[in-house]
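Inspection log for the structure reproduced underneath, given as structure tokens.
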Amino acid sequence: MEFRFDALRRWPDVESPDLVAVDAADRLLLDESAAWRTAMSADDIAVIGDEYGALALGAAAASAGVVRVHQDALTGEQALAANANRLGLTDRYRPMELSGALVAGARLVLLRLPRSLDALEDAAALIAAHAAPDVVVFAGGRIKHMSTAMNDVLRRFFGTLDITHARQKSRVLVARGPRHGHDPEPRRAVHDGITVCAYGGAFAGTAIDIGTRFLLANLPARLPEGSPLVDLACGTGVVAAFLALRHPDRAVYASDRSAAAVASARATAEANGVSDRIRVVRDDRLTALPDAGVPFIALNPPFHSGAAVTTDLAAPLFEDAARALRSGGELWTVWNSALRYRPALQRLVGPTRQVARNAKFTVTVSTRR
């Protein structure tokens, strides 16, 4: 039986119970690991980086037990839950944080290769530290997103690495013999007095991306009165830390859908001595905040979905920022000028004026009607 897994929160009606997997890399991972999985319980299997549930539910459907699974994006968890519900497998998987418990004693790990080598290092080190000595790791992806540097990372933490034949532009790396494992720690760097902490997979790592730098350079010294100040799509928490340091009498609320980003932002707040005034939550919007209560939001909206550039990610953030802002509250946004967000900001939030513009980025402030 094959599965089709839906990426978003809308799911078409399906007449046939036979469903098709998300992509060739998922199918190849399930096929290459099939013989190993038949000899063990799903309790012995962990899945890392499953986008919409193909790997976790494919493994769960094939044997008794409960598969442990970690997904970085909250939206991926939501898609997995919806797909599990459609397939009657809601009790066959357990979402978990990227911690030792996720892979403790695991004998088989299915890993979708992340693009970030730091993220791969974190996952490999964790598996090597906590999985069973006989664990087999099947790490796969699309060839166009793979590099030989990934082989080098896996060889640091495993004694044996085999490379499968390619199929449908996908490939799987098979690692055995765990060694030199450890629990991941955030990487650190200091920029202009702010200590930036980043776990693998967090956007920009320990750097401050140029869009965020441009936003920080143009934020006003005086902000609308009230709390909390909000860092939406916070990444590693640079803006949140900046706001907390500049405004020591204000509370800050930061949110991001990425588990790696949330862990990084919490570490950044701690490293800068402002964790008592920064609350970081995992959320794809601002759903935990009430309507019309926020005086100020800073936003550097994501515009990549995988390798694709898209404007679809920004509009829901603009809409929810408008919901959360009080009348007269301000949304300060930095965006790649080519994306032309100003009409959407004016329509969804309110009157929008340009604050600054350089060769690549634009900073605007939108005032809630």
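Roughly how many Å² of Arg156 are accessible to a 1.4 Å probe, to the nearest 10?
Only protein atoms counted, so the area is about 120 Å².
Please give the calculated 222 nm ellipticity per residue for the chain, where each DSSP H segment of at least 4 residues contributes -39500 (n - 2.57) and the sum is spread over every residue; nearest 500 deg cm²/dmol? Could the numbers behind the result be given before it?
Numbers: 11 runs with 114 residues, N = 369.
Theoretical 222 nm ellipticity from helices: -9000 deg cm²/dmol.
Have a look at the DSSP beta bridges in the range 184-340 and tell me what percent are antiparallel, nearest 5. Each step should come with its number before you reach the end.
Numbers: 7 of 25 bridges.
Expressed as a percentage, antiparallel bridges in the range 184-340 total about 30.
Tally the DSSP beta bridges in the chain and give the antiparallel ones as a percent, rounded to 5.
Numbers: 33 of 66 bridges.
Taking every DSSP beta bridge within the chain, about 50 percent pair in antiparallel fashion.
Just to confirm, what accessible area per residue do you get for the chain at 1.4 Å probe, in whole Å²? The partial results should precede the final answer.
Numbers: 16150 Å² over 369 residues.
Value for the chain: 44 Å² per residue.
Only loop residues by DSSP count here, and only those with at most 13 other Cβ atoms within 10 Å; note down the chymotrypsin sites (Phe, Trp or Tyr not before Pro) in the range 200-261 that meet that.
Answer in residue order: no site qualifies.
Of the heavy-atom accessible surface of the range 30-145 (probe 1.4 angstrom), what whole percent is carbon and sulfur?
Details: 2110 of 4160 Å².
Of all accessible area on the range 30-145, carbon and sulfur atoms account for 51 percent.
Enter the angle in degrees (range 0 to 90, nearest 10) between the Cα long axis of helix 24-37 and the first principal axis of the Cα atoms of the chain, meaning the one along which they spread out most.
Value to nearest ten degrees: 40.
Which loop GluC sites (Glu not before Pro) in the range 23-124, with loop taken from DSSP, have no more than 16 other Cβ atoms within 10 angstrom of their Cβ? Walk me through the numbers before you get to the answer.
Working: sites: Glu32, Glu51, Glu77, Glu97, Glu121; in loops: Glu51, Glu97.
Hits after loop and neighbour filter: Glu97.
Can you bin the range 144-300 into rounded, prolate or oblate? Criterion: square roots of the alpha carbon gyration tensor eigenvalues sorted a ≥ b ≥ c, rounded for a/c under 1.5, prolate for a/b above b/c, oblate for the rest. Intermediate results must be reported in sequence, preceding the final value.
Working: a/c = 2.64, a/b = 2.26, b/c = 1.17.
Verdict is prolate for the range 144-300.
Within the P(r) computed for the range 28-101, what percentage of the Cα pairs occupies the region above 14 Å?
Values: 1470 of 2701 pairs.
Here the tail beyond 14 Å accounts for 54 percent of pairs.
Assuming a ≥ b ≥ c are the square roots of the Cα gyration tensor eigenvalues, decide whether the range 117-191 counts as rounded (a/c under 1.5), prolate (otherwise, with a/b larger than b/c) or oblate.
Values: a/c = 2.60, a/b = 1.25, b/c = 2.08.
It comes out oblate by the Cα gyration axes.
Ordered by packing density, taken as the mean number of other Cβ atoms within 10 Å over each peptide's residues, highest first, how do 258-267, 84-93, 318-327, 229-238 rank? Intermediate values should be presented prior to the final figure.
Details: 258-267: 25.8, 84-93: 16.3, 318-327: 20.4, 229-238: 28.9.
Packing order, densest peptide first, comes out as 229-238, 258-267, 318-327, 84-93.
The values are calculated or read from the model by the stated rules, or taken from the named source; none is laboratory data. Predicted, not measured: the structure shown is a model, and the values here were computed from it. Counting neighbours? That spans all protein chains shown, and the Cβs are built from the backbone with ideal geometry, glycine included. Surface accessibility is based on the protein's heavy atoms, side chains included, excluding ligands, DNA and RNA. Shrake-Rupley method; radii C 1.70, N 1.55, O 1.52, S 1.80 Å.
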